[in-house]
Amino acid sequence: MENCLFCKIINGEIPSRTIYEDEMVKVFMDINPSTNGHLLVVPKKHIVNILDMDKETYIYMFNLIKEKLYPLLKEKLNCEGLTIAQNNELGQEVKHFHIHLIPRYQNDCGDFKYDKSLLIDLDEVEKKLAN
Ligand code: 5GP
Ligand code: ZN
């Protein structure tokens, strides 16, 4: 896709610190990492967000994370946990689907900070979501 930053990284127009690549995905280091080893798992197809994601690609990426990438991060960086994050629409800076792999370390203070003053009653939310 023209003018897509991650398509340009995938086709090599823009350099990246690539950790793994195959016919389906490219995995490279986030330029502004939250913790050491913060990776982005990116499908080679231009998929915008989860709403146009296909099952095959999704399963492929999660299997790769489980079988290869998390074990790699544990072995090489000695992380003690992994936070998997994926933004859609609001909060998504790059409009080409990507999964954040954020290795976790003791005392990394990596908690997400949401504005809790916006919270409404749990009962009300449950009622809205129940079908
Ligand atoms: P989002 O907010 O879309 O979920 O995350 C986009 C991520 O892409 C951010 O964490 C940001 O640091 C990363 N990023 C933005 N531009 C570049 C770039 O040119 N190269 C790399 N490797 N990462 C980038
Ligand atoms: Zn793209």
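Every read-out reported here was derived from the displayed coordinates using simple, explicitly stated rules and does not represent laboratory data. Predicted, not measured: the structure shown is a model, and the values here were computed from it. Because the Cβ atoms are built from the backbone with ideal geometry, glycine has one as well, and the counts that use them run over all protein chains shown.
Numbers for the structure displayed
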{"item": "Cα-based helix-to-principal-axis angle, 55-64 vs the chain, degrees rounded to 10", "result": "80 degrees"}
{"item": "Contact order relative to length of the chain, as percent, for alpha carbon pairs under 8 angstrom and 6 or more apart", "result": "24 percent"}
{"item": "Between region 78-126 and region 6-51, the alpha-carbon center distance in angstrom", "result": "19 Å"}
{"item": "Which of 117, 16, 34 has the fewest Cβ neighbours within 10 Å, and the rest in rising order", "result": "117, 34, 16"}
{"item": "Exposed-loop-free span, longest in the chain, where GluC sites (Glu not before Pro) count as exposed if DSSP calls them loop and at most 16 other C-beta atoms lie within 10 Å", "result": "24-79"}
